[in-house]
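S.K.: Take a look at the following structure, please.
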Amino acid sequence: MQKKILEILYENKEKHVLVPEIASTLDLTEEEVNDYIKVLEQDGYVFDSSSDLGYKLKKSPNLLLPYELQRNLKTKYIGKKIHYFDEVDSTNNVAKKLAEEGAEEGTLVIAETQTRGRGRRGKTWISPNGGVWMSIILRPNRPPADAPQLTLMTGVAVAQTLQKECGLDVGIKWPNDILIGNKKVCGILTEANAKFNTLDHVVVGIGIDANVDTELFPSEVREGATSLKNELNKEIRGVILVQEFLKNFEEIYDEFTAGNFPEILSEWRRLSKTIGSYVEVRKQLGKIVRGEAIGINKNGALILELDDGTLRKVISGECLHIQK
Ligand code: BTN
């Protein structure tokens, strides 16, 4: 009902709307309208109100509320169902559970904060207020070996959105970190579940340090991290960023399901800050490989030219851009 009240007030943005008018449009009592307005005020909406004139919307909060996200959302199926949390352990955990229970493709789980946000390689993902912490459920009819392609695809969608919305020097560091300059602004955690040699569902988790104060991060994370707020010196509207991202994501995912992954990979290469750089990849059990990154194959493996001229394919690991 809050959504419907907001719709009326958004439609009449410049003027007040009388309480009896809202009440009769929505078949509510005037008291009920006032109660719903109070709930909206608790969410951070600010109204200009007077007993003679009714309510006028003055300010909406910079939160990722579902009724804000779904207003003007230009997607066909991504984000049509939204599970929103003020606080949650991890949006990927919730999305995995929902997917196992049969949630439909495109379902979005989004939170203002995460208490146990998860990063790659078992790391903790710090998720304070102001960030965009979200997970999308996908059901691609593909073999499990194709799951890494979804991570690459998501990296392209995030990087393109940030470039378009913020006009910054955005690029991708292999395998799936989104950088501004040489600092990380977003990470992606893809978790796949297969049945009978086909992907049953994939949860793509995306964490964007949007309006986050990276000063508050522990020093070892702070050094390599940035946020959109740091880079732009102002807060961005989270809702606009997520809406643009979901639209872009859906377009690219449609390309993926139509079999056009080679085109997506070309775009990944164009956005990559790793290809052409000299890198150190830290693999499991302390193994380290160094060389020039010269390409990426369709399974997301990085191709390195080692100092002795031999080529080496690296499937996973932590990649650092270093000086030779
Ligand atoms: C990484 O770079 O290590 C991946 C970070 C992924 C973080 C996101 S935030 C939303 C989703 N929920 C999680 O617990 N993790 C992902």
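The values are calculated or read from the model by the stated rules, or taken from the named source; none is laboratory data. What you are looking at is a predicted structure, and each value in this text was computed from that prediction instead of being measured. Note: ideal-geometry Cβ built from the backbone for every residue, glycine included; neighbour counts use all protein chains shown. These area figures cover heavy atoms from the full protein model, side chains too; ligands, DNA and RNA do not enter into them. Shrake-Rupley method; radii C 1.70, N 1.55, O 1.52, S 1.80 Å.
S.K.: I'd like to know if the stretch 137-146 contains one or more residues that are more than 11 Å from the ligand (Cβ to nearest atom), among the hydrophobic types (A, V, I, L, M, F, W, C) and open to solvent by less than 10 Å² (accessible area, probe 1.4 Å).
M.R.: Looking through the stretch 137-146, at least one residue is more than 11 Å from the ligand (Cβ to nearest atom), among the hydrophobic types (A, V, I, L, M, F, W, C) and open to solvent by less than 10 Å² (accessible area, probe 1.4 Å).
S.K.: So which pairs qualify, if the first residue must be in the stretch 76-90 and at negative phi and among the acidic types (Asp, Glu), the second must be surrounded by fewer than 19 Cβ atoms within 10 Å (Cβ to Cβ) and assigned to a strand (DSSP E or B), the Cβ gap must be under 8 Å, and the two must be at least 6 apart or on different chains?
M.R.: Qualifying pairs under 8 Å: Asp86/Thr113; Glu87/Thr113.
S.K.: Enumerate the strands (runs of 3 or more DSSP E) found wholly within the stretch 158-213, keeping only those where 2 or more residues are charged (D, E, K, R).
M.R.: 183-195
S.K.: Can you tell me which residue within the stretch 256-274, out of those that are touching a residue at least 40 places away in the same chain (Cβ under 8 Å) and not aromatic (Phe, Trp, Tyr), is farthest from Gly167 (Cα to Cα)?
M.R.: Only one residue tops the list, namely Thr257.
S.K.: Another question, then. Quick one: Tyr67 ticks every box in (1) more than 14 Å from the ligand (Cβ to nearest atom); (2) assigned to a helix (DSSP H, G or I); (3) more than 30 Å from Asp35 (Cα to Cα) except a single one, so which number is it?
M.R.: Single failed check for Tyr67: (3).
S.K.: Hey, among the residues in the stretch 111-126 that are more than 6 Å from the ligand (Cβ to nearest atom) and part of a strand (DSSP E or B), which one's most open to solvent (accessible area, probe 1.4 Å)?
M.R.: Going through the qualifying residues, I end up with Thr124.
S.K.: Additional query: Could you go through the stretch 88-106 and let me know if any residue there is assigned by TED's automatic domain parsing to the domain that holds Gly207, under 15 Å from the mean Cα position of the chain (by Cα) and surrounded by fewer than 18 Cβ atoms within 10 Å (Cβ to Cβ).
M.R.: No, the stretch 88-106 contains no residue that is assigned by TED's automatic domain parsing to the domain that holds Gly207, under 15 Å from the mean Cα position of the chain (by Cα) and surrounded by fewer than 18 Cβ atoms within 10 Å (Cβ to Cβ).
S.K.: Pick out the one residue from Asn62, Asn72, Asn129 that is in a loop (DSSP other than H, G, I, E, B), on the phi > 0 side of the Ramachandran plot and more than 12 Å from the ligand (Cβ to nearest atom).
M.R.: When all the criteria are applied, what remains is Asn72.
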